[in-house]
Every structure is written in structure tokens, then in C-alpha cells.
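Read through the structure below, which is laid out as C-alpha cells, and then see the notes.
The values are calculated or read from the model by the stated rules, or taken from the named source; none is laboratory data. Bear in mind that the values here come from a model prediction, so they are computed numbers and not experimental data. Here the Cβ positions follow ideal geometry from the backbone for every residue, glycine too, while neighbour counts run over all protein chains shown.
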Amino acid sequence: MHRFGLFRGRWRPDVAVVLVPLLAILVLQYLSSRRLAEVELIAHQTTIARYLDAVTADVRQVYEDAARKMLDIPADVLAAKRFDDIGRHFDAVDTSAARLLFAATLDGCLCLTRYYDPTAGTMSIGAEPDVEVVVLRASTLLRLRQQQWLDLDVSGLDVDEADPANRVVYRFVTGAGGNAIGLVG
């Protein structure tokens, strides 16, 4: 060891030439490992967010498909106000995702509405006030479209999220000429 000058009172320049790059490499490794930890955390959060987005999209698609099957009421049945046939349709499809279903026809200024309770399997005239308000709001939109005061897309499902605890999914039903007949939800 004396040969390298480690135990003498002074450092030799060749030792400094070796130690300085080693210290520089050590500092660079420390800094890069800190940066790697930060990037790894961001990558993990991004992966989780993408995974949750994919799961949310899948769940939304499952519920949307179920809602389409539930709310696939033919326009002629709704126009004829054959609520017994609508009740049989609701009996025939899986309604486990719904607490209450409704079918409403536009008849002039009136909105004739029937509510279907999936647990009891019965149609009734009235429902909870919150649901009746949503049906009234949606039927008003449909009436405004019918009077050509509002340009409204009636091709798909709509969701009323005014009350997040009680989301209402509904579909506008139109006739062959695009005239508004009613809505189901």
C-alpha cells in the first residue's frame, strides 16, 4: 500500500485521477436513479389511469348494450299505446340493472306514461317524483324537437345525470318519417 502513496501524508496525482471519475460516476448514478424513480412513478400512474379508462369503457359498453336491449321497443307498439306488450317485452329481457323502467307516448300536449317495476313485474301509472321529473324533462325536449324548435339527436341513448345517485337512461322513439312518438327509459 505504501507503493501507491495511500499511507503517506500526501496524495499522489494518479490517485486523484482515479477517484474523481469514480465520484463523478457515483453522483451520476445517484441522480439517474432518482430520476428513474420519478419516471417510474409517473409511468405507473399513467398505466393505472389507462387501465381504469379501459375498464370504465368496458363497463360502460356492457351497461349500454343492456340498456339497448331493454329499451328496444318498436315504434308501432309505443304509438298504439300497447303498454301490456311493452310490459311483456320488459319481462322477456334482463332488467336486473334497472330499478324502474318507463314508456311514454306523446299524444298532442299530453305525455301518457307507464312505469314498469322489474321486481314486481307490473306496470303502473305513477312513480317516484324524481323519475317523473326526468320523464317530463325528456318529453319536453322531444316536444320541442317535434315542433322543430330544437335540433335534437334522437338516434341513441341519452343519460340524465341531474341526480348522480339516480341516473336515468332513456331513448327517444321516432316513427318512420322521423316524427317523435315517445320515449322509453
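From ASP130, ASP160, ASP117, grab the single residue that is among the acidic types (Asp, Glu) and modelled with pLDDT under 75. Break it down stepwise before answering.
On the way: ASP130 fails: modelled with pLDDT under 75; ASP117 fails: modelled with pLDDT under 75.
Checking each option against the conditions leaves just ASP160.
Looking at the range 75-110, which of its residues are part of a helix (DSSP H, G or I) and either polar (S, T, N, Q) or in contact (Cβ under 8 Å) with a residue 60 or more places away in the chain (or both)? Before you say what the answer is, go through the steps one by one.
First, the residues of the range 75-110 that are part of a helix (DSSP H, G or I): 75-79, 83-92.
Scanning the range 75-110 gives ALA75, LEU78, ALA79, ILE86.
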- Among the residues of the range 38-47, is any under 46 Å from the mean Cα position of the chain (by Cα), among the acidic types (Asp, Glu), in a helix (DSSP H, G or I) and not assigned by TED's automatic domain parsing to the domain that holds ARG171? yes
- Message: Only one of ARG3, ARG34, ARG50 is part of a helix (DSSP H, G or I), modelled with pLDDT of 90 or more and either aliphatic (A, V, I, L, M) or over 30 Å from LEU157 (Cβ atoms) (or both). Can you tell me which?
- Response: ARG34
- Message: Could you list, ordered by first residue, the pairs with Cβ atoms under 6 Å in which the first is in the range 158-184 and without any contact (Cβ under 8 Å) to a residue 24 or more places away in the chain and the second is not in a loop (DSSP other than H, G, I, E, B), at least 6 apart or interchain?
- Response: ASP158/TYR170; VAL159/VAL169; ARG167/VAL159
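Could you check how many residues of the range 80-102 are of a type in the set (D, E, K, R) and farther than 16 Å from SER124 by Cα? Please lay out each step first, then the result.
Step one: of the range 80-102, the residues of a type in the set (D, E, K, R) are 81-82, 84-85, 88, 91, 94, 99.
Going one step further and asking which of them are farther than 16 Å from SER124 by Cα, we end up with 94.
The number of residues fulfilling the criteria is 1.
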